[in-house]
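A quick write-up on the structure given underneath.
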Amino acid sequence: CHYGAINDVTYPEGCPELIVTASKGDIRVWNTDIRQELLRIQVPNLEALCAQVTPSGTTLISGWNDGKVRAFYPESGRMKFVINDAHSEKVTAMACADNDMRGKYRLITGGDEGRVRVWDITPSHQAMVVSLKEHRGAVNNIKVNKDSTQAVTASSDGSCIVWDLDRYVRIVALFESNIFNNILYHPDESQMLTCGSNHKITYWDAVDGTAIRVI
């Protein structure tokens, strides 16, 4: 497989037989049914830290340790667009909001410096909508709810923040003595689950941010 650490694994929506992995020097697309590599997109001397496939499956987006976002065509691996200086340091997390019909959607990125940025992506341009700075550590994971009205970010600073994607303000924050590595919404979105360096899985109330259950 990869010769460096695998930093991210993602399934394209509606394609359980495909996985995308991000690592040092390349991104790879795999077919889990036949257990074979289908595509290798190489960017020498750099490291892919996160990857996403847009809901329509037309674009493979990735964040790199040089602060750039690179997007590729998933069939050929050809470059689609680059966002230079997406973050001043590494691009450590990303997620897509909105259903990208006609190639329009919002991309949410998180950086090693703690900034959360929202980008307006269309077939002709990529423009930053807002830059949010509340985290004091790297943003490790981003999840968007089903109707793209909220996003939640998990950070190394011991906090997770739920953001309003209409007004771009903080709704609620979760705090714990922890490096939050991952967060996800419960299927009914009434709760959120986190995991991190404290070896615990914690269930949080999505409305008021209180811890409900700890495993």
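General observations
- With DNA, RNA and ligands ignored, accessible area of Lys143 (1.4 Å probe; Å², nearest 10): 60 Å²
- Counted residue by residue at 0.36 nm each, then reduced by the alpha carbon distance between them, the extension gain from Ala173 to Phe81 reaches 29.8 nm.
- Largest to smallest accessible area among Ile19, Ile183, Ile34 [probe 1.4 Å]: Ile34, Ile19, Ile183
- Going through [x] 14.3; [y] 14.9; [z] 11.7, the figure that equals mean projected area of the Cα convex hull in nm² as computed for the structure here is [z].
- Charge dipole (the chain, unit charges on Cβ, about Cα centre) - positive-most of Tyr105, Val162, Ala151: Tyr105
- Taking a ≥ b ≥ c as the square roots of the Cα gyration tensor eigenvalues, segment 51-121 comes out oblate, since a/c reaches at least 1.5 and a/b does not exceed b/c.
- Asn99/His125 FRET efficiency (R0 22 Å; Cβ-Cβ; nearest 0.05): 0.70
- The trypsin sites (Lys or Arg not before Pro) of segment 147-215 meeting both criteria, a DSSP state outside H, G, I, E and B (loop) and at most 14 other C-beta atoms within 10 angstrom of the site's C-beta, are Arg167, Lys200.
- Rounded to the nearest 20, the Cβ-based charge dipole of the chain about its Cα centre (Lys and Arg +1, Asp and Glu -1) stands at 380 debye.
- The distance from the alpha carbon centre of segment 61-88 to that of segment 1-53 is 14 Å, rounded to a whole number.
- Across the protein chains, with a 1.4 Å probe defining accessible surface, the residues Cys1, Cys96 rank Cys1, Cys96 from largest area downward.
- Residues His199, His135, His125 ordered from highest to lowest accessible area at a 1.4 Å probe: His199, His125, His135.
- Taking segment 97-198 and dividing mean pair separation by its residue count, relative contact order in percent (alpha carbons under 8 Å, at least six apart): 17 percent
The values are calculated or read from the model by the stated rules, or taken from the named source; none is laboratory data. Everything quoted here is computed from the prediction, not taken from an experiment. We place every Cβ from the backbone using ideal geometry, glycine too, and count neighbours over all the protein chains shown. Ligands, DNA and RNA are stripped out before the accessible areas are found, and what is left, the full protein with its side chains, is counted by its heavy atoms. Shrake-Rupley method; radii C 1.70, N 1.55, O 1.52, S 1.80 Å.
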